């Protein structure tokens, strides 16, 4: 078990809106070790992306802000870091790739310029060296004819190729953590697999830890060592991928796993969890999943359970009265 | 990995050497015949302005009272005015004034409008309030009226007419840039740039500004036409170029009493204004098809 790289404790991220303060992330704990791939799963609106934007301090200002908790990166609480410190961390120590590769690149700069620009912000190197490094990075992410592509503009590349370029830009300064926010959601299934393979390969080669944000349990099963399941701004279950998939403890996780289509089963309708994620802040008391939970008891609506050890393996924890 | 590479080859097979978005823009601009005509007119007038002394043997200031209001002839291609000055010569030199006023005032408007528009669009809040409301106030006046007021305050001269026309057009560019910045700053590549650790000035100048420029260039080309007309109107009203400068609007107003018996004194300056304005408008429309994102399907 490696050294802790990132440790989020009791993170609270609030959005100030016309309807009052909305706690989009409400007391999230999360640990990532060096070189590890950790997945965050959950439905839309459960606070996955807000957690990642909080780490980077890229919350939409002035609406969103970190209201409490700490984000320890190595030995520093970056939740309290100033803007200039954060700029040095972004791209150099923590990088991020986004869902939409078609719009994540500046249409007016060549691929090479965009990689070189990032390099030259963080490293003191000449334009020529930066360009050479850009070609090397493009080769590393499996782009054919890298020497030509480096001079191309983004509109000449397909979505999968652009996502490779995004990964090249994100990894060019050898960050210790890569946050991937739904990196394959906008891609074709075949391209998805290629991108996931690439990320896994780069993780093994460079030791860059990856925080994989996704709603796709298949991606988690393929990529991650550990998984964190979020629901309505809270962590409801965490553990190693094998353990959580084999022996899910929280009814929400069970529901998610049951809703994966299985080839061997002959079912007409897929299972789905009834209802939808409540708007953050609307459930003030008790377990947030209680209104949709088939095992809900009186106690669930009244008291919020703690995230406690459950299941067989150490570190497998869930937030449910059934396991308390 | 090698498998991945072979899979990706066919997609890229058709890609030729790199082409910048600007070069591709020129290619589609070239297909627009009217825009090319516009470009041709502009190039023609620019060459005339540069080569003015070579194109005529007369002095645009030289009066020849023996030859007043002469009809167009071999000696005086466009005739002479009421002071016997050669109209062809004055129009050739007037090209310099009109192009200078049109282009430099628009460059002034673009620089000021872009800076204010970026500040308003990117920083928002009270700064946006202040800048946008100022634009609204400026736009509430008819352009020429505001220009007259500004020249009246500064004193009539070509220089001040130029400044007045520039000020009048600042809000046009300011609002355009502000609107573009508002949409571009929420683009994912701007978030990505922040996530890579770029500083705000770099994001503004290197990422947001170039992506704003398409519509600004279109508006700028059309704006030169407007500026030339506004400057000519100020000249016509006696608030722009002062005698003996051969400004086209001024030439029109000086000769309007002779319109019945010496129409050439107004026809040629009028045609010159019309042609340059037409040239810039045609080219602006062509550029709009190429550069304005809203026109792309």
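The values are calculated or read from the model by the stated rules, or taken from the named source; none is laboratory data. Note that this is a predicted model, so its numbers are computed, not measured. So basically every Cβ, Gly included, is an ideal-geometry build from the backbone, and we count neighbours across all protein chains shown.
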(Q) Condition (residue is touching a helix residue (DSSP H, G or I) at 6+ places or on another chain (Cβ under 6 Å), outside any loop (DSSP other than H, G, I, E, B) and either over 24 Å from residue A:209 (Cβ atoms) or at the interface with another protein chain (Cβ under 7 Å from one of its Cβ atoms) (or both)) applied to the range A:98-110: is it met by at least one residue? (A) no
Q. Hey, residue A:231 hits all of (1) surrounded by fewer than 19 Cβ atoms within 10 Å (Cβ to Cβ); (2) under 16 Å from the mean Cα position of the chain (by Cα) but one; which does it fall short on?
A. (1)
(Q) Looking at A:174, A:152, can you tell me which residue is over 27 Å from residue A:51 (Cα atoms) and either more than 10 Å from chain B (Cβ to nearest Cβ) or part of a loop (DSSP other than H, G, I, E, B) (or both)? (A) A:152
**Q.** Single match in A:130, A:168 (criterion: touching a helix residue (DSSP H, G or I) at 6+ places or on another chain (Cβ under 6 Å), over 22 Å from residue A:210 (Cβ atoms) and in a helix (DSSP H, G or I))
**A.** A:130
Q: Please indicate, with yes or no, whether at least one residue in the range B:28-49 is under 25 Å from the mean Cα position of the chain (by Cα), assigned to a helix (DSSP H, G or I), within 14 Å of chain A (Cβ to nearest Cβ) and modelled with pLDDT of 80 or more.
A: yes
Q.
Out of everything in the range A:133-148 that is part of a helix (DSSP H, G or I) and over 22 Å from residue A:89 (Cα atoms), what residue ends up being nearest to the other protein chains (Cβ to nearest Cβ)?
A. A:148
Q | the range A:114-130, residues that are more than 8 Å from chain B (Cβ to nearest Cβ) and surrounded by 19 or more Cβ atoms within 10 Å (Cβ to Cβ) | A | A:114, A:115, A:116, A:119, A:130
Q. Before we move on, is residue B:118 away from chain A (no Cβ under 14 Å) and either more than 25 Å from residue B:249 (Cα to Cα) or in a helix (DSSP H, G or I) (or both)?
A. yes
Q. Just for the range A:63-94: of the residues that are facing chain B (nearest Cβ under 7 Å) and in contact (Cβ under 8 Å) with a residue 60 or more places away in the chain, which one is surrounded by the most Cβ atoms within 10 Å (Cβ to Cβ)?
A. A:91
(Q) So, in the range A:15-57, how many residues would count as being at pLDDT 90 or above and within 14 Å of chain B (Cβ to nearest Cβ)? (A) 7
Q) If you go through the range A:194-221, how many residues are away from chain B (no Cβ under 14 Å) and either buried (at least 19 other Cβ atoms within 10 Å of the Cβ) or modelled with pLDDT of 90 or more (or both)? A) 12
